[in-house]
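Structure, as structure tokens:
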Amino acid sequence: MLKLQSHIHTQIKDISFPNISHYNQCSFEELFDIESIAKEINQRAEVLLVIGVGGSFLGARAVIDALTPYFAPDEFGVEVIYAGQNMSGAYLHQLLKYLDKKEVYVNVVSKSGTTMEPALAFRVVKQYMEKRYGDESKQRIIVTTDAERGVLKQIADNEGYRRFVIPSEVGGRYSVFTAAGLLPIAAAGIDIQAFLNGANHAEKDFENDNIEHNAAYQYALTRYEMYKKGYSVELLASFEPRLNKLHEWWKQLFGESEGKEYKGLYPSTVNYSTDLHAIGQFIQEGSRIMFETLIHFEEVEADMEIPFTFDDMDGLNYLGGRSMNSINAISKDGVALAHEEGGVPVVKIVMPKLDAFHVGYLMFFFMKACVISASLLEVNPFDQPGVEAYKRKMVELLKKDAVLVNE
Ligand code: PA5
């Protein structure tokens with residue numbers, strides 16, 4: 001299924017890795033509710049606004065961008081847009097103006113219910129929905145949060161909003177297979193059963209203790225070996241623009257899980273061939289600090305043939321009749337050869353097809369590899385103490401500022 005090409009020399013240490021199979025357990029009833037609410041959203045709305053930050057929106061966005069058409073994705077399912085990932089007043093102002101022209105549902109996703117960015121955005125959007133839809137806003141706002149705790153749960157209970165749960169043992173960046181990811185993904189018209197099926201297959205494949213047969217272990221060990229050799233950056237690259245947000249999800253997954261106790265590879269991403277004409281120069285000839293992981297999907301659902309021309313003015317007739325995707329695939333091999341020659345080791349992850357099943361498979365693969373990789377570094381893959389530090393400082397400053405403003 002997933003092919004990994006890398007050179008590993010490191011021996012596995014005597015170390016036990018946390019099990020994450022419970023990150024992929026959506027009950028039949030919950031799946032049914034998610035699918036029926038997604039259907040309702042598609043019947044009654046033109047836009048689903050997802051409010052969340054970090055792990056509470058990146059997984060859904062990664063999958064939606066990877067699997068919906070580049071243009072007019074709303075012809076596939078409802079248009080999914082996002083808020084609560086920044087504190088830009090201009091963004092919120094323009095968002096509400098845009099919503100005015102559309103029928104809207106809102107899914108606010110926050111496990112803690114207290115994260116500043118989504119909490120502020122929800123405060124504004126809740127008021128907007130109440131003004132616009134009155135009592136019907138209660139039907140149009142859906143909350144995804146912890147089962148027991150948090151302000152958002154209290155708000156949902158007080159207002160009578162429908163509610164989905166992020167299980168308390170599943171952290172944000174590992175939550176794409178819970179309702180946090182599944183509701184927006186289903187509303188966007190993607191087959192969530194196929195997506196979960198892919199994750200289930202990956203879970204089974206990567207249970208294998210034998211490193212020879214376990215690509216998640218191999219990838220984790222390759223990263224560890226690179227780190228030990230002094231590489232400090234892993235560059236994730238792919239050749240399909242719709243994977244940009246999958247890169248962002250990967251970056252958060254590895255960055256937040258490993259970057260602690262002054263350890264960890266810095267996860268960085270590039271999109272080819274766009275970035276070959278930007279940062280490509282640095283990759284080829286700049287500081288030798290990085291290795292590169294290339295993701296390639298062998299089959300992408302649409303393609304285009306390069307036409308022959310009578311005069312061959314641009315000299316490209318030698319590519320006439322070739323498919324654009326096959327040229328893209330060869331450019332990947334050219335990039336790998338050039339970068340290796342330039343001193344950037346290349347790891348390749350090859351997937352058969354870009355569809356819901358294989359994206360689910362790949363995301364579970366990365367989650368599993370991330371937990372193994374963090375464990376090799378002897379850091380906790382599931383906490384994020386550094387993020388908490390910034391939140392505390394910001395709230396301190398905001399409170400000081402509020403006192404000054406009120407004086
Ligand atoms: O992975 C994580 O745990 C974080 O990125 C969180 O998802 C992010 O900080 C948002 O937290 P919450 O869902 O509590 O609003």
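A few notes on this one:
- In the chain, the portion of solvent-accessible area held by carbon and sulfur atoms comes to 53 percent [1.4 Å probe, whole percent, DNA, RNA and ligands not counted].
- Remark on L236: its backbone amide H falls under 5 Å from those of S268, T269, V270, T293, a criterion applied only to residues 5 or more positions apart or on other chains, H modelled at 1.01 Å from N.
- Principal axis analysis of the Cα atoms in the stretch 45-190 yields extents of 39, 33, 27 Å, listed in decreasing size.
- Highest-first packing order for the peptide set 256-263, 128-135, 212-219 is 212-219, 256-263, 128-135, based on the mean count of other beta carbon atoms within 10 Å.
- Accessible area per residue, Å², the stretch 293-407 with all protein chains present, probe 1.4 Å: 55
- Using the 1.4 Å probe convention, the accessible area of the stretch 45-190 works out to 40 Å² per residue with neighbouring protein chains retained.
- Here the contact order of the chain, divided by its residue count and restricted to Cα pairs under 8 Å and six or more residues apart, works out to 22 percent.
- At 1.306 mPa s and 10 °C, Stokes D of the chain from Kirkwood alpha-carbon radius, µm² per second: 70
- Taking every DSSP beta bridge that has both ends in the chain, the antiparallel portion is near 10%.
- Positive dipole terminus of the chain, leading residue within A356, G230, I330 (C-beta point charges): G230
- Its DSSP H runs of at least 4 residues, each contributing -39,500 (n - 2.57), put the calculated 222 nm mean residue ellipticity of the chain at -15000 deg cm²/dmol, to the nearest 500.
- Loop-located chymotrypsin sites (Phe, Trp or Tyr not before Pro) across the stretch 56-100 with a Cβ neighbour count of 16 or fewer within 10 Å are Y70, F71, F76, with loop assigned by DSSP.
- Under 5 Å between amide hydrogens, built in the peptide plane, is the criterion, and for V50 it picks out I81, Y82, A83, N107 among residues at least 5 positions away or on other chains.
The values are calculated or read from the model by the stated rules, or taken from the named source; none is laboratory data. Computed from a prediction, not measured in an experiment: that's the story for all the values here. Every residue, glycine among them, receives a Cβ derived from its backbone with ideal geometry; neighbour counts consider all protein chains shown. Heads up: the accessible areas ignore ligands, DNA and RNA and are worked out on the full protein's heavy atoms, side chains in. Shrake-Rupley method; radii C 1.70, N 1.55, O 1.52, S 1.80 Å.
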